[in-house]
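The values are calculated or read from the model by the stated rules, or taken from the named source; none is laboratory data. The structure displayed is predicted, hence computed values, not measured ones. Glycine gets a Cβ as well: all are built from the backbone with ideal geometry, and neighbour counts include every protein chain shown. Heads up: the accessible areas ignore ligands, DNA and RNA and are worked out on the full protein's heavy atoms, side chains in. Shrake-Rupley method; radii C 1.70, N 1.55, O 1.52, S 1.80 Å.
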Amino acid sequence: MGHPFDEAKRYIPGGVNSPVRAFRAVGGTPVFFARGQGARVFDTEGKEYIDYVGSWGPLIAGHAHPNVVAAICEQAELGTSFGAPCELETELARMICERVPSCERVRFVSSGTEATMSAIRLARGATGREEIVKIDGCYHGHADSLLVQAGSGLATLAIPGSPGVPDGLAALTHVVPFNDAAAMQRLLDERGEKIACVIVEPVAGNMGVVPPAAGYLEAIREATAKHGVVMILDEVMTGFRVHRSCAQGLFDIRPDLSCFGKVIGGGLPAAAYGGSAELMAQVAPDGPVYQAGTLSGNPLAMRAGIETLKILDAPGAYEKLERSAAKLEGELLRVAADAGVEVTLNRVGAMLTLFFGTGTVTDFEGAKASDTDRFAAFFAQMLERGVYLPPSQFEAWFVSLAHGDVELEQTVHAAAESFAAIK
Ligand code: PMP
């Protein structure tokens with residue numbers, strides 16, 4: 001038998017169902033996984049890896065957490081989808097609204113892409129304005145309006161936008177640099193009355209992790225409020241990862257709309273957008289802004305999300321995530337310094353990125369100045385030693401509750417050898 005990747009390529013474009021999986025940025029052949037347990041994944045040949053991808057964020061409780069698995073199995077026996085309301089949707093919606101004060105109502109969808117796309121439609125519908133503002137290097141999924149200077153996957157492939165996005169639509173999207181409050185204020189002062197919304201990742205995660213500068217999110221809040229512009233926080237990655245009340249709780253910001261995904265589906269397809277009762281009343285069937293979905297609020301996904309949020313409610317869960325990620329940060333910096341390899345590490349809670357060969361990274365330009373060849377070499381060394389990192393410099397590494405001292409120490413040991421090998 002050939003490698004499963006060769007067979008996959010016969011039927012699937014590039015052999016993958018999402019481009020970053022293809023290892024184009026790091027070279028080599030993608031690993032095909034057969035199984036995951038806790039912080040570990042096992043490939044089709046039985047080789048074991050410590051996993052820092054965690055399905056790109058959802059698996060904050062680790063792979064195949066027994067509570068999540070039991071809930072999914074139990075629900076599967078009761079039916080996998082109704083296309084009619086079920087109480088699980090209300091339960092997860094209530095859990096989100098209780099944790100996130102800016103959300104009085106949430107609408108479930110099936111992917112982060114749908115959540116941001118729908119939030120933008122709502123902002124446009126509610127304001128009667130067409131133009132939007134996004135941040136250079138922030139990624140919000142692949143909806144047409146948002147596929148402009150959109151970080152990670154595109155950065156990895158060096159694609160500025162995408163063919164197939166009509167120029168007329170792309171022209172409605174303004175792009176300003178991350179952490180540049182003055183540029184945002186200038187743009188809104190100039191064109192505020194034409195702009196429906198600003199969408200931003202509160203912690204950028206798709207140019208690699210880049211925290212917001214002190215006062216940056218507050219400045220966006222102030223400028224958007226001044227011009228009647230809807231502020232959308234895309235918390236698809238940060239939501240319930242960096243804090244129980246998401247990044248908006250961590251940084252004490254109250255957006256008009258929020259987008260969630262990843263963690264709220266616990267590894268199954270669920271995402272959501274939410275905001276004030278007044279704004280969300282614009283959404284059909286209460287209001288005229290249309291949005292729908294055959295599998296929206298899917299019972300299996302609701303159960304997985306509910307169980308995951310419950311696991312995160314255990315006393316000390318976020319403290320444990322913080323402690324583990326902080327330990328990893330400190331130890332990686334130590335072994336990099338020992339090996340004489342120049343790195344910058346950005347971290348917010350249990351999401352972090354190790355940038356190679358640069359000074360501080362505060363925006364996409366800074367991230368792009370990093371040494372991607374070095375990252376690729378490091379990635380290959382780590383993979384060889386049984387540590388599965390995101391296969392691109394411009395991605396976040398995710399630490400889960402299943403990453404214990406054993407996994408962290410094994411990772412640091414592999415990193416020490418890998419730094420030495422690429423020096
Ligand atoms: N927003 C952010 C901040 C994301 O990180 C992602 C996915 N990485 C998305 C939106 C899109 O989510 P999905 O892949 O579920 O469509």
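Quick look at the numbers
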| quantity | calculated |
| --- | --- |
| Of the criteria (1) aliphatic (A, V, I, L, M); (2) at pLDDT below 95; (3) within 14 Å of Ala223 (Cβ to Cβ), which one Val198 fails | (2) |
| Matching residues in the range 370-405 - criterion: being under 25 Å from Pro211 (Cβ atoms) and charged (D, E, K, R) | Asp371, Arg374, Glu395 |
| Residues located in the range 6-21, provided they are part of a helix (DSSP H, G or I) and away from the ligand (no atom under 16 Å from the Cβ) | Asp6, Glu7, Ala8, Lys9, Arg10, Tyr11, Pro13, Gly14, Gly15 |
| Which listed residue is buried (at least 17 other Cβ atoms within 10 Å of the Cβ), at negative phi and outside the structural domain of Val53 (by TED's automatic domain parsing), from Leu217, Leu321 | Leu217 |
| Which numbered condition Gln291 fails, given (1) within 16 Å of the ligand (Cβ to nearest atom); (2) closer than 21 Å to Pro66 by Cβ; (3) of a type outside the set (Ser, Thr, Tyr); (4) open to solvent by less than 40 Å² (accessible area, probe 1.4 Å) | (2) |
| Within the range 190-207, tally of residues that are open to solvent by 10 Å² or more (accessible area, probe 1.4 Å), more than 16 Å from the ligand (Cβ to nearest atom) and in contact (Cβ under 8 Å) with a residue 24 or more places away in the chain | 3 |
| Filter pass, Ala182 being among the hydrophobic types (A, V, I, L, M, F, W, C), away from the ligand (no atom under 14 Å from the Cβ), farther than 18 Å from Cys103 by Cβ and out of contact with any strand residue (DSSP E or B) (no Cβ under 7 Å at 6 or more places or on another chain) | yes |
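Results for (1) at pLDDT below 95; (2) within 16 Å of the ligand (Cβ to nearest atom); (3) within 21 Å of the chain's Cα centre (by Cα), shown as yes or no for each residue.
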{"residue": "Phe23", "(1), (2), (3)": "no, no, yes"}
{"residue": "Phe32", "(1), (2), (3)": "no, no, no"}
{"residue": "Arg35", "(1), (2), (3)": "no, no, no"}
{"residue": "Ala39", "(1), (2), (3)": "no, no, yes"}
{"residue": "Phe42", "(1), (2), (3)": "no, no, no"}
{"residue": "Ile50", "(1), (2), (3)": "no, no, yes"}
{"residue": "Gly54", "(1), (2), (3)": "no, yes, yes"}
